[in-house]
Structure formats: structure tokens, C-alpha cells
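The structure under discussion appears below in the form of C-alpha cells.
Values in this text are rule-based calculations from the coordinates and carry no lab data. Keep in mind that this is a model prediction, so the values were computed, not measured. No Cβ is skipped: glycine too gets one built from the backbone with ideal geometry, and neighbour counts run over all protein chains shown.
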Amino acid sequence: MSRLHDMGGRYGDGPIPVPRNKNNQVENNEPTFKYEWHAKAWAITLAAGALGEWNLDISRHYRECLPPKDYMNYSYYEKWLAGLTNLLVDKKLISIEELKKFISLVQEDISPEGLNENIKLDKRTWLAKDVQKTLGWGGPSLRKTDITPLHKIGDNVITLKYNPNENVKGGHTRLPSYAMGCEGKIFSYNGTHVFPDKNAHEIGENPLPLYTVEFKASELWGLAAENGNDKIKNSGTFILGDDKDPTETEMQILNKLPKINLGKESLLSSACITLIHHRLDEK
């Protein structure tokens, strides 16, 4: 079953618009947030997440569960706010009545003071001075386990043709529909990580082996692939840094590799990966 949010490779939606300047060149100096309220939506979502009432996978699943009409009509950050609102209500951090009262006050341009008197908050406090460090740390999902990986680098594998959530009907899964039932090759083994299919439903982290799998473009897209005769080949490995210094042995390896500076600001690993893919696309 293809769910509404699973839009990768879907026909009929057209190409993803790429910002271009007046000379029709790809715009590389876009602002981090197009509108001021985008930044506020992002900040509110992260601040609410710091309350400790849910995890990243739960928040993603809440956005996926928006009504189809809303999901298709909302912009990216509108989806974030809608999912967050539902989370806050379901976790009893705010009530529907409080939400309606707040909206009414905002519409009347009245300061909504005193609405949070009885709201339950986590004991942790996310101070402004700690935000940069916390964002730089990200949300590591790597876990130490005694699990022996089933596959090794170079193994040929086939993804499940139909990959529903094994525990929750219609539940969260990270395998997109366009990659189901496809043959690929194990490119790297990345240790054992939190399993989102369970973590999104609060039934445990259940760490499992995580692999990077390479697919031929023609295997994923068939006749629509840009290069129907492509082959899987090693195109290089990107190593993202974190807030911890590499060991002496790791530095000996890293010093021999080319380095890319993505800027002075701390970025989430997902943002770094997106920027790296963008640079590859430019080449």
C-alpha cells in the first residue's frame, strides 16, 4: 500500500521546483528559512521536543497521519505545526479548549497570557545558551548491541516487496514504496540503530543492523531512469563529523581524505547529507 506521504518517485506530481536566479542559474545562496514564521515553526517544534514527551520517529509519524486533504494542501512547515499540535493535544500538554482560546485571542490581536498555568512540563529546561550545542549533537540513533549482522559488504539483497509495519497496522516504516522489491548491493554496514518502525509507536527502540544499500537507477525507476545501462560502482564515502574529537587512529585516516566545509553554523546530520547530495548533483 502506498501511503499519501510516500511521494518519492510518484508519477504525476511533476519535478521538484529548484530555486533559480534571474539568469536561470540554480540559486546557491538561499536563506535558511524563506519566511520568518518558518524559523519560528522549526524552533517551536524543537523546543516542544525537548519536553521529552516523544521521540523523533513519533513526530514524523504524526505528520504522516495528517488527513489526506490537509497533507496535500499544507506547506512543509504547516505540516510540522499541524503534527506538533496533534502531539501536544494527545500528550495532554494542551487541551482543545486552550487551543481554541489561544487562536481566538491571536485573531483578536490580544496577548494570550495566562494560558499555560496548568500545563504539565518536563523537568528538563532547554536554556537558550544550550541550544547551539544541543543542535550540534543532534539525535544519535546508534546503539551498542551483541547482534551479529546478517549481511556483509558486497552482498546482493532484495528489499521486501510489501513492507508493512509488523507491529502496527498502517504504522510507520522507513522503506519507501519505490525501493520495495528491488535488488541492490550492501555498500556499508553502519552498526545497530534504533528501529523507527517500533520507536514511532512507543514499543521500544529495538536496535537492528543498519546498512547502506546501493541500487541501479534502472532497478528503481525502470524505463524512466536517466541511465538505463547504469552499474553499481563505488562513488566514494562521506564521513560526517560530530561534537566529539576523533581518536588518534581515526585522525591518521581522516588526514589523508579531502575535506569539505559546509559553513560555520552547526547543522543536523540530515541537513549535511542534503547539502552533500546537492554538491554531487551540481557535478
Along Cα→Cβ, 7 Å out, is where each label goes; now give me the distance between the ones at LYS100 and HIS151 in nm to one decimal. 5.1 nm
Working out 0.36 nm times the residue gap between GLU36 and ALA271, then minus their Cα-Cα distance, what length gain in nm do you get to one decimal? 82.7 nm
Using all alpha carbons of region 147-186, what is the percent of pairwise distances in each 10 Å bin, ordered from the shortest bin to the longest? 26, 43, 29, 2
Those aspartates and glutamates that a straight Cα-Cα span of less than 19 Å connects to LYS161, excepting residues fewer than 8 apart in one chain: ASP6, GLU183, ASP197, GLU214, GLU219
Built amide H within the under 5 Å cut-off of ARG143, gap 5+: THR192, HIS193, VAL194
Filtered chymotrypsin sites (Phe, Trp or Tyr not before Pro), region 127-197: DSSP coil and at most 12 other beta carbons within 10 Å: TYR162
Net dipole in debye of region 132-183 [+1 Lys, Arg Cβ; -1 Asp, Glu Cβ; about Cα centre; nearest 20]: 240 debye
LYS161 versus GLU219, label points 7 Å from Cα toward the beta carbon: distance in nm? 1.7 nm
Along its three principal axes, how long is region 36-137 when you only count alpha carbons? Whole Å, largest extent first please. 35, 34, 28
So what's the projected area for region 140-234, the Cα convex hull averaged over all directions, in nm²? 7.2 nm²
